[in-house]
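Just below is one structure, and these are the notes that go with it.
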Amino acid sequence: MTSTAHTAATDTAGRKPAGTTTDMGRTQAIPAAAGPASDRQAEYRILMRKWWFAAAVGLPTMIFSYPWLIPGLNTAFPPGSARLWWLWVAMGVASLAVLAYSGNQFFSGAAQALRHRSANMHTLIAIGTGTAWIYSTAALLVPQLFPSAQMTDVYYDVTVVVTALVVLGMAMEVKARGRTSEAIEKLMGLAPKTARVIRDGVEVEIPVDAVIVGDVVVVRPGAKVPVDGVIVDGASALDESMITGESMPIGKQAGDEVIGATINGTGAFHFRATKVGSDTALATIVRMVGDAQASKVPIQRIVDVVSGYFTPAVLILSVAGFVIWYDFGPAPAFAYATIVAVTTLIIACPCALGMATPMALTTGVGLAAAHGILIRSGDALQAAQKLDTVVLDKTGTITLGKPSVTDIVPAPGFEADAILAMAAAAERDSEHPLAAAIVEMATQRGLTRIGTSDFDAVPGHGIRARFGTHRILVGKRVFLEAAGVKAAWLEDDARRLSGEGKTPVFVAFDDRVMGLIAIADPVKPDSKAAIAALRALGLQIVMITGDNRRTADAIARSVGVDRVLAEVLPQDKAHEVHKLQLEGRTVAMVGDGINDAPALAQADVGFAIGTGTDVAIEASDITLISGSLRGIVSAIEISRATMRNVHQNLFGAFIYNGIGLPVALGLLYPFFGLLLSPILAALAMSFSSVTVISNANRLKRFKLVEVAS
Amino acid sequence: MTPDQILVTLGGVAVMGFISWFFWLKRTPGVRAAVVSDGYQEQMILVSGGYTPDTIRVTTGRPVRLLFRREETASCSEQVVLADFGKSAQLPTGSVVPIEFMPGDPGEHAFTCQMGMLRGRIVVEAA
């Protein structure tokens with residue numbers, strides 16, 4: 001398990017933040033999070049109004065800052081004329097209005113940050129535009145302070161256009177941020193508002209919040225399932241794609257689990273509510289996605305350190321730039337020094353740096369959730385991208401996990417039904433999936449139940465029971481032989497059945513072997529294709545199972561895994577995962593999340609698969625709500641794409657600032673005579689943060705490789 | 001070097017020194033969270049261009065409830081993240097959003113906006 005940042009709040013299991021009891025940590029119910037969307041819309045509208053005002057003032061300001069360059073205006077406003085002076089005064093007033101209206105958030109943001117002794121983008125823009133305005137106004141009103149007439153040009157265009165461009169950039173950023181988090185808003189929108197329940201024998205429609213555990217809920221054709229529960233009456237096919245990512249409707253009948261927010265097909269049914277309110281799968285998914293989106297990709301911790309120093313460092317660089325240009329720059333030194341300092345403040349983009357990782361993580365985690373994949377944290381995402389080995393638990397992961405009896409081979413003198421009845425009697429109270437198959441077959445054949453006693457299960461080996469004074473043994477050949485029963489002569493049959501991928505179970509009555517029962521767990525229809533897709537991603541696939549070597553090999557051959565770990569006892573699975581890690585591999589373990597919890601926790605990334613409504617599997621890093629192995633392919637693809645996006649964004653942000661800052665400081669001037677205009681710097685700065693978010697949003701269009709069913 | 005250049009250079013160095021001291025060498029003592037009737041250590045934090053107060057002192061072994069109230073619409077602060085405690089919350093403008101956690105061993109933990117621009121500290125002290 002990759003270590004997460006839960007250092008201070010992990011309990012003894014090392015996973016769950018301490019104190020996360022039923023109520024703790026539920027920072028909010030679902031509807032409370034709907035606020036930011038409307039906040040964002042309001043902010044976008046305000047910013048756009050500010051942009052239009054600044055742009056309307058900006059265009060004439062740019063033209064009239066250099067009237068001598070424009071034919072027609074050069075005669076009307078010659079340099080040094082009183083008419084030009086009054087024009088500039090008017091521009092000064094207009095640009096002050098732009099600063100006060102369009103740019104007020106920079107000044108108030110900077111002031112608030114200063115009170116906390118911190119600096120941010122607002123600080124840089126406020127100082128940059130403010131300096132340009134003060135310089136221009138001083139040049140206009142008290143030109144005698146400036147030794148050279150060249151220094152009394154004004155830079156109101158810088159003030160206005162920089163404000164306009166940065167405000168426009170912020171507006172685009174707000175819009176794009178909204179798109180980034182729309183996955184979670186879409187999930188929240190799935191929650192139904194009302195439910196039809198039976199109260200006092202009467203069907204009534206009530207708000208979904210009023211449904212309590214135990215209520216019988218009525219679901220009509222085409223209606224949404226309001227909460228989680230178990231069908232008690234009726235049958236239907238349900239569209240669960242919004243939760244599990246499975247596109248095909250799933251047939252359900254009495255006893256099957258239904259998930260809130262899924263859509264009923266043409267049938268009608270009643271179900272008993274088992275999870276309501278903040279316990280439903282949907283509410284848990286929303287909470288998990290929200291937490292994961294806000295978690296940190298490990299690489300972000302480095303970025304956090306950098307951004308903590310970044311803004312004050314830019315302030316220092318800008319002062320250093322001023323001093324160097326003042327001391328060594330060409331005349332008019334004061335004007336050049338001021339422009340360099342202003343350009344440096346404006347080109348620096350702490351936002352691009354700060355947003356690079358969170359934006360990609362938010363989009364990636366949201367994209368995964370839309371496919372029924374819950375990524376628990378940024379750590380899990382980063383680890384999933386590095387995987388080279390995937391360990392698949394056979395039962396329930398590669399196979400359906402519903403074994404059934406396929407063959408019975410009686411020893412001479414015994415009837416098939418007698419073997420089955422005896423085995424079923426011994427296995428009746430066992431929780432082993434193979435036991436369930438035997439008991440089910442015995443029930444199907446209508447065999448009489450035999451009273452047995454003194455059960456004793458030896459995990460991974462077999463079961464002992466007594467029938468009167470007789471002893472019954474059911475299990476592996478070695479288990480019987482250890483108890484003194486000779487079963488070697490059935491070995492040929494056992495080998496043949498194993499070669500067909502079936503598990504032979506020996507049954508003994510006292511000291512005589514009665515025969516063997518073969519049990520097979522059918523392979524899921526899409527396992528083979530999913531394993532091929534995983535191998536195509538360059539991963540080595542290992543199957544882990546308690547089955548004997550021949551059975552395991554037969555199944556492995558049929559689905560195409562690279563390596564088989566057979567005859568592994570349940571308690572040794574975590575150890576086997578650890579052994580693979582010792583070989584230097586980065587290992588994913590895929591299991592059901594309950595029996596495999598220690599192995600999931602041991603793996604670098606634990607995948608819990610087919611969890612239905614139990615989405616918050618503690619031991620897993622990634623939960624696949626549907627039972628299909630295709631989810632692992634998608635999860636790994638999404639992780640890789642997201643981390644690629646994170647790296648692109650970080651590279652972009654670092655390169656942008658790494659090139660932009662030296663250029664703004666005038667590094668190109670001694671060689672090429674080039675000095676960056678503050679207006680171009682503002683354009684670049686706005687463009688860089690919008691680029692980062694747009695790149696993150698590009699992830700949403702990421703196409704997953706289709707795995708044929 | 002002319003006298004004005006010497007003056008600008010000295011002034012510049014002084015400003016750079018001031019910036020370093022002002023932003024990097026700050027150490028606010030912070031506010032101790034009060035213990036409320038249900039046994040939690042509770043503190044209200046206003047979110048507006050930063051966190052006020054930005055340093056919260058708590059003791060180990062007693063659950064903490066931070067009540068965030070965002071008083072601005074700027075999207076920068078719409079989410080608060082307590083990465084060390086695996087907690088985060090969206091902060092709709094004007095509503096009070098509680099975040100609860102159990103402080104672990106004594107130490108310092110940051111809480112930030114999603115981009116890490118706004119920052120606060122939780123100082124966990126031995127009981």
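Bear in mind these aren't lab numbers, they're just calculated from the coordinates by the rules spelled out. Remember, predicted model here, so these are calculated numbers, not experimental data. Note: ideal-geometry Cβ built from the backbone for every residue, glycine included; neighbour counts use all protein chains shown.
A DSSP coil position with no more than 11 other Cβ atoms inside 10 Å describes the following trypsin sites (Lys or Arg not before Pro) in region A:178-229: A:193. Amide H to amide H distances under 5 Å link residue B:51 with B:119, where only residues 5 or more positions off or on other chains count and H is placed in the peptide plane. With bins 20 Å wide beginning at 0, the percent of Cα pairs of the protein assembly as shown falling in each bin runs 14, 36, 29, 14, 6, 1, 0. Residues whose amide H falls under 5 Å from that of residue A:547, counting only those 5 or more places apart or on a different chain, are A:567, A:568, with hydrogens built in the peptide plane.
If you line up the long axis of helix B:3-24 against the longest principal axis of chain B, both from Cα atoms, how many degrees apart are they, to the nearest 10? Between the helix axis and the principal axis of chain B, the angle is about 10 degrees. Calculated FRET efficiency, residue A:569 to residue A:668, Cβ-Cβ distance, R0 = 56 Å: about 0.25 to the nearest 0.05.
By other beta-carbon atoms within 10 Å, ranking A:66, A:326 with the fewest at the front produces A:66, A:326. Under 17 Å Cα-Cα from residue A:50, which lysines qualify once same-chain neighbours fewer than 8 residues away are excluded? List returned: A:175. Simple point charges give the picture: +1 on the Cβ of Lys and Arg, -1 on the Cβ of Asp and Glu, and for region A:438-539 a dipole about the Cα centre of about 120 debye. Arranged from fewest to most other beta-carbon atoms within 10 Å of their beta carbon, A:498, B:95 become B:95, A:498. Taking region B:1-38 and a reference point 7 angstrom along Cα→Cβ of residue A:328, the backbone N atoms nearer than 16 Å belong to B:1-2, B:5-6, B:9-10, B:13. Between residue B:105 and residue A:93, the simple spin-label model (points 7 angstrom out along Cα→Cβ) gives 6.7 nm. Working from label points 7 Å from Cα in the Cα-to-Cβ sense, the residue A:309 to residue A:186 distance is 4.1 nm.
Taking amide H as placed 1.01 Å from N in the peptide plane, the amide H of residue A:518 sits under 5 Å from that of A:406, A:407, A:408, A:409, A:505, each at least 5 places away or on another chain. Taking loop as defined by DSSP and a crowding limit of 13 other beta carbons within 10 Å, which GluC sites (Glu not before Pro) in region A:532-624 fit? Answer in residue order: A:583. Our helix-only sum for chain A, with -39,500 (n - 2.57) per DSSP H run of n ≥ 4 divided by its residues, gives a mean residue ellipticity at 222 nm of -16000 deg cm²/dmol.
Any idea what angle helix A:433-444 forms with the longest principal axis of chain A, computed on alpha-carbon atoms, 0 to 90 degrees, nearest 10? Helix A:433-444 sits at roughly 50 degrees to that axis.
Can you figure out the FRET efficiency of residue B:20 with residue A:659, using R₀ = 35 Å and their beta-carbon distance, to the nearest 0.05? It comes out at approximately 0.90. Note on A:397, B:28: ascending count of other Cβ atoms within 10 Å places them as B:28, A:397, the fewest first. Looking at chain A alone, DSSP beta bridges between its own residues are antiparallel in about 75 percent of cases. Taking 0.36 nm per residue of separation and subtracting the current Cα-Cα distance, fully stretching the chain between residue A:537 and residue A:272 would add 91.2 nm. Full extension of the chain between residue A:489 and residue A:62 yields a length gain of 143.8 nm, computed as 0.36 nm times the residue separation minus the alpha carbon distance.
Pairs exceeding a 19 Å alpha-carbon distance, out of A:224/A:524; A:224/A:275; A:386/B:87: A:224/A:524; A:386/B:87.
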